[in-house]
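Have a look at the structure below before the remarks.
Values in this text are rule-based calculations from the coordinates and carry no lab data. Predicted model, so just to flag it, every value in this text is computed and none were measured. Cβ placement follows ideal geometry from the backbone for every residue including glycine, while neighbour counts extend to all protein chains displayed.
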Amino acid sequence: AKKLGGDGYHHFASDMHRATQQRMEMESEMRHALEAGEFELHYQPQVGADGVTILGAEVLLRWQHPSRGMVSPGVFIPIAEESMLIAEIDRWVLAAACSQIRAWLDRGVEPVQLSINISAAHFQQRGFVAFVLDTLEHYELAPECIELEITEGALIRDVAFALESLRTLRGKGIRLAIDDFGTGYCSLSYLKAMPIDKLKIDQSFIRDITRSGRDAAIVEVILQLSHQLGLSCIAEGVETTIESSWLKARGCQAYQGYLFYRPMPLHAFDLLLRRATEE
Ligand code: C2E
Ligand code: CA
Ligand code: CA
Ligand code: CA
């Protein structure tokens, strides 16, 4: 073990203390945010190979903090994941998304399928599947209205449990996508066993497809794999026409990224949907 002088140890301890304190502070702020209505949903449309047809949208959480301003989910989701607060946040998002679909239906606006991120810790909770089904029922929605984005990490810890949850959800007609595909530990045998609908290629591979032969090879393999297993596939983080043409030439059917749309607040997405309904 490393020997620290008296002072070194104290510095180390107080740094740890400070980090823990910051995390706890953020946690209680998130708890407050849930009640105070500081969270809101943004929507990022997903388009077909024509680059125009809107196939659906991913729901992305935004936190409008009263003094810190907009806090990125990249910052607060990992902290929420360390406590079980993530389950509460995920449930809030799921209910808010379903309530929004219900509002569109009631107003005669044709909604698109919303993709909702489910964290691994939440997916592994016993009550997860029941909560999803209850929420759909509460808002009187067809299960096809939503798609759940689940990461590879959620599937490998307790494979039997994951399989059963996926089977139940999919049996009801809820679409299932593997998020950040290629970045986790999913082996091909899992892929064969898991009842899923879609692979979502992570943006870390898309970013360099035109520069890195390795990334290009990985993306090509994922596209081929999805075709041959009869799964759909979507590329995330598509930023340039070079990237989209490259993907299109290899049979990619669905796209999400700044090239097409950035995540947008409700009023902007609402306008988009209304225009699509009127056409
Ligand atoms: P993710 O699920 O991989 O979501 C995609 C992220 O990429 C989003 O970041 C999105 O804004 C961003 N993005 C989309 N297109 C582009 C592009 O063309 N270029 C670049 N550079 N980025 C693009 P965001 O909204 O900051 O979310 C970050 C992560 O936070 C998400 O990654 C997801 O893991 C998590 N997250 C967001 N909302 C939720 C939620 O409601 N529940 C849970 N559990 N996690 C969430
Ligand atoms: Ca996602
Ligand atoms: Ca990703
Ligand atoms: Ca890029």
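Computed quantities for the displayed model
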{"quantity": "Potential extension, I156-S204 segment - 0.36 nm per residue separation minus Cα distance", "calculated": "15.1 nm"}
{"quantity": "Farthest toward positive dipole pole in the chain [+1 Lys/Arg, -1 Asp/Glu at C-beta], among I146, V109, L169", "calculated": "L169"}
{"quantity": "Extension gain from L163 to A193, taking 0.36 nm per residue of separation minus the Cα-Cα distance", "calculated": "10.0 nm"}
{"quantity": "Per-selection metrics, the stretch 45-147 (Cα): Rg and Dmax in Å", "calculated": "15.0, 42"}
{"quantity": "Loop trypsin sites (Lys or Arg not before Pro), the stretch 135-225, which have at most 10 other Cβ atoms in a 10 Å radius of their Cβ (DSSP)", "calculated": "R211"}
{"quantity": "For the chain: relative contact order, % (alpha-carbon pairs under 8 angstrom, 6 or more apart)", "calculated": "17 percent"}
{"quantity": "The chain, helix-only ellipticity at 222 nm - DSSP H runs n ≥ 4, -39,500 (n - 2.57), divided by all residues, nearest 500", "calculated": "-16500 deg cm²/dmol"}
{"quantity": "Separation of the A36 and Q228 label points, Cα + 7 Å toward Cβ, nm", "calculated": "5.3 nm"}
{"quantity": "For the chain, radius of gyration divided by Kirkwood radius, i.e. Rg to Rh on alpha-carbons", "calculated": "1.00"}
{"quantity": "Projected area averaged over orientations for the stretch 167-279, convex hull of C-alpha atoms, nm²", "calculated": "8.8 nm²"}
{"quantity": "Contour minus Cα-Cα distance for A13 and T53 (0.36 nm per residue)", "calculated": "8.9 nm"}
{"quantity": "Environment charge at Q100 (Cβ cut-off 12 Å; Lys +1, Arg +1, Asp -1, Glu -1)", "calculated": "-1"}
{"quantity": "Choice from E140, E236, E25 with maximal GNM fluctuation in the chain (Cα, 10 Å cutoff)", "calculated": "E25"}
{"quantity": "Estimated FRET transfer efficiency when R0 is 30 angstrom, pair R62-M84 (beta carbons, to 0.05)", "calculated": "0.90"}
{"quantity": "Within the stretch 177-279, chymotrypsin sites (Phe, Trp or Tyr not before Pro) in DSSP loop having at most 15 other beta-carbon neighbours inside 10 Å", "calculated": "Y185, Y258"}
{"quantity": "The stretch 10-112: trypsin sites (Lys or Arg not before Pro) in DSSP coil with no more than 14 other Cβ atoms inside 10 Å", "calculated": "R68, R107"}
